[in-house]
Amino acid sequence: MRNGQALERAMERYGDTVYRLCYLYMKRREDAEDIFQTVFCRYLTEEKEFENESHEKAWLLRVTANLCKDTLFSFSRRKVGSLEELEQEFAAPEDEGREVRAAVLKLPEKYRLAVYLFYFEGYSAGEIGRMLGQKENTIYTRLARGRKLLREELGGDLDE
């Protein structure tokens, strides 16, 4: 079991990323906060020693994704917030990338996750594949299809 200092360090380093991933899946602030808390409770009680910071971050993101999926597919959860609410909470009004983020949020989940982790979090296709339990080429395909959908949505060329 980890101590409070390890938890604080992990939350400081990875808290924003974990919360954004929670929010990306759950689409409601309250649900994202619940998952966020659960992820770090699991981190606190996890006995596993991480090889390095990258391994630790990947573990946190994988646990986050799995908890979100479990919650989304549970029988008791059927109501989600509107995309308009999500867009308002996800991007600040002065943020230049608001339109792009809003378009990313409208993508189907499998494309949304790949695009988000690749472009917003800076992971490689191989790292994303390992986190999501997919082959690297599957991630490349999802990125290509996600970019195509974004081009259609935004009506222009995107830098790749």
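The values are calculated or read from the model by the stated rules, or taken from the named source; none is laboratory data. From a predicted model like this one, the values you see are computed outputs, not experimental measurements. Using ideal geometry, Cβ is built from the backbone for each residue, glycine included, and neighbour counts are taken over all protein chains shown. Heads up: the accessible areas ignore ligands, DNA and RNA and are worked out on the full protein's heavy atoms, side chains in. Shrake-Rupley method; radii C 1.70, N 1.55, O 1.52, S 1.80 Å.
So in the range 1-52, with the set limited to residues that are within 21 Å of TYR123 (Cα to Cα) and acidic (Asp, Glu), which one is modelled with the lowest pLDDT? Of everything passing the filter in the range 1-52, GLU51 is modelled with the lowest pLDDT. Within the range 17-52, being part of a helix (DSSP H, G or I) and more than 16 Å from CYS68 (Cα to Cα) holds for LEU44, THR45. Scanning the range 53-66 for residues that are open to solvent by less than 80 Å² (accessible area, probe 1.4 Å), among the aromatic types (Phe, Trp, Tyr), part of a loop (DSSP other than H, G, I, E, B) and at pLDDT 85 or above turns up nothing. The set of residues in the range 1-33 being without any contact (Cβ under 8 Å) to a residue 24 or more places away in the chain and open to solvent by 70 Å² or more (accessible area, probe 1.4 Å) consists of ASN3, GLN5, GLU8, ARG9, GLU12, ASP16, GLU30, GLU33. Output the residue which, of all residues in the range 4-56 that are more than 14 Å from the chain's Cα centre (by Cα) and of a type in the set (Lys, Arg), is farthest from LEU107 (Cα to Cα). By that ranking, first place goes to LYS48. For the residues GLY126, GLY146, the requirement of being in contact with an Asp or Glu (Cβ under 6 Å, 6 or more places away or on another chain) and modelled with pLDDT of 80 or more singles out GLY126. Output the qualifying pairs, or none if there are none: Cβ atoms under 7 angstrom, residues six or more apart or on different chains, first residue in the range 50-62 and without any contact (Cβ under 8 Å) to a residue 12 or more places away in the chain, second residue of a type in the set (D, E, K, R). Note: pairs meeting the criteria are PHE50/GLU56.
Number of residues in the range 88-123 that are open to solvent by 50 Å² or more (accessible area, probe 1.4 Å), assigned to a helix (DSSP H, G or I) and at pLDDT below 70 equals 2.
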